[in-house]
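Remarks on the structure that follows.
The values are calculated or read from the model by the stated rules, or taken from the named source; none is laboratory data. Only a predicted model underlies this, so the values are computations on that prediction, with no experimental measurement involved. Every residue, glycine among them, receives a Cβ derived from its backbone with ideal geometry; neighbour counts consider all protein chains shown. Accessible surface is based on the protein model in full, side chains and every heavy atom, while ligands, DNA and RNA are left aside. Shrake-Rupley method; radii C 1.70, N 1.55, O 1.52, S 1.80 Å.
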Amino acid sequence: MTEPVAARVTLGYSTTADRVRNVAPPPEDPLLAVIVSVQNPSETDWRSTLPESLTARGDVTFFEQVAWGVAKSRNLVLDAAETEYLLFADDDVEFDWPGILEGLALLDADPGAGMLLAAARDEHGRLRKDYPASVVPLTLRNSGKAATYEMLVRVPDVRARGIRFDERFGAGAENYLGDEYIFCADLLKAGGRGLHGPVVVAMHPDDSSGSRWGTDADRRARAVIFDRVFGWKAPAVRLAFGLRRRAELGGVGGALRFTLGR
């Protein structure tokens, strides 16, 4: 009798009670498990809104979080995953299953790597940002634009190093961005390794919280990320970053305020 194939990768969706019906995983596959973490502080009846495309599947597990905060939701998924690999997800992401399998193969070939920071396209088929032309080591510099749905992690490695999302950052928190970069930075600072490359695993619409620049709130939120990652070195790193991105930060004055963390 043939042994059943064990799932190897979990897609860990973070969503809200009013959006959970939008979750659309790839077709069922023996290698795939799906976890959906639902933020529901109002304790509304979201289960009755689920489409049959979700309720008829045998590979989807739902968890409810009676609080706001996408980082809390990501950590719930990280705790619950039972597969070797986990790819984080939002409810407006469409995944490329062949690309995911390519990512698994890269991590299989490098057992010491704790994660792959992969690539994604927008709804027009364009790459969402500049990605390395080939697979390279993950660094503090090249992980600065990380998006959660690009992060394919080796669950035992990140758990062993105690790496989690900082729940003070990300959508639903006062510091509404930076949770992905902090996760990557914490992995590297804990002695972990990662890969970064052009393997396309997802499609995400062009607009995102990480693409909003120019406001005082945005500038301050980005400054706090540098404090969290670089500590006492943060002002010098912010200065170098601010000079490169002064147009997005609101000109020379905005870059100066960013450097000072204001």
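What's the local net charge at R161, with K and R +1, D and E -1, over the other residues with C-beta under 13 Å away?
Numbers: positive: R154, R159, R164, K189, R193; negative: D157, D186.
Surrounding charge for R161 is +3.
State the answer as a single residue: which of V237, G178, P111 lies farthest towards the positive end of the charge dipole of the chain, with beta carbon charges of +1 for Lys and Arg and -1 for Asp and Glu, about the Cα centre.
Value: V237.
Checking the a/c ratio against 1.5 first, then a/b against b/c, what shape does the Cα gyration tensor give for region 133-234?
On the way: a/c = 1.66, a/b = 1.22, b/c = 1.36.
Oblate shape, in that a/c is at least 1.5 and b/c is the bigger or equal ratio.
Between region 153-209 and region 28-102, what is the C-alpha centre distance in whole Å?
Here the two parts' Cα centres lie 17 Å apart.
Let me see the P(r) profile for the chain: every Cα-Cα distance counted, bins of 10 Å, each bin given as a percent of all pairs.
That works out to 7, 29, 36, 21, 6, 1, 0, 0, in percent per bin.
How charged is the neighbourhood of A7? Take every other residue with its Cβ under 11 Å from the Cβ of A7, and add Lys/Arg as +1 and Asp/Glu as -1.
Details: positive: R8; negative: E28, D29, D59, E82, E84.
Summing Lys/Arg as +1 and Asp/Glu as -1 gives -4.
Please compute the per residue accessible area over the chain with all protein chains in place, 1.4 Å probe, rounded to a whole number of Å². It would help to have the intermediate numbers written out before the result.
Details: 12360 Å² over 262 residues.
Counting only protein heavy atoms, the per-residue value for the chain is 47 Å².
What area, in nm² and to one decimal, does the C-alpha convex hull of region 1-65 cast on average over all directions?
4.8 nm²
If R₀ is 51 angstrom, what is the calculated FRET efficiency for the pair S53 and A236, using the beta carbon separation as r and rounding to 0.05? Write down the numbers at each step before the final one.
Working: r = 50 Å, r/R0 = 0.99.
Efficiency, from the Cβ-Cβ distance: 0.50.
What does DSSP give for the chain in terms of the percent of beta bridges that are antiparallel, rounded to the nearest 5?
Numbers: 11 of 39 bridges.
So the antiparallel bridges amount to about 30 percent of the total.
Restricting to Cα pairs below 8 Å that are 6+ residues apart, what does the relative contact order work out to for region 156-262? Please round to a whole percent.
Details: 99 pairs, mean separation 22.6, N = 107.
Relative contact order of region 156-262: 21 percent.
Return the carbon/sulfur percentage of the accessible area of the chain, one whole number, probe 1.4 Å, all protein chains in place.
Here carbon and sulfur together make up 54 percent of the probe-accessible area.
Shape verdict for region 120-185, please, from the Cα gyration tensor: rounded (a/c under 1.5), prolate (a/b greater than b/c) or oblate. Present the calculation step by step, with values, prior to reporting the outcome.
Details: a/c = 1.97, a/b = 1.25, b/c = 1.58.
Verdict is oblate for region 120-185.
Can you check what the net charge comes to around A17, using other residues whose Cβ is under 12 Å from the Cβ of A17 (Lys, Arg +1; Asp, Glu -1)?
On the way: positive: R19, R21, R47; negative: D18, E43, D45, E64, D91.
Its environment carries a net charge of -2.
HN-Hα J couplings of region 183-196 from phi, Karplus 6.51/-1.76/1.60, θ = phi - 60°, integer Hz, Gly and Pro as x?
Result, rounded to whole Hz: 4, 4, 5, 5, 4, 5, 5, 8, x, x, 10, x, 10, 9.
Rounded, prolate or oblate for region 7-156? Axes are the square roots of the Cα gyration tensor eigenvalues, ordered a ≥ b ≥ c, and the cut-off for rounded is a/c under 1.5. Display every interim value, and only then the final one.
Numbers: a/c = 1.71, a/b = 1.60, b/c = 1.07.
Because a/c hits 1.5 or more and a/b exceeds b/c, region 7-156 counts as prolate.
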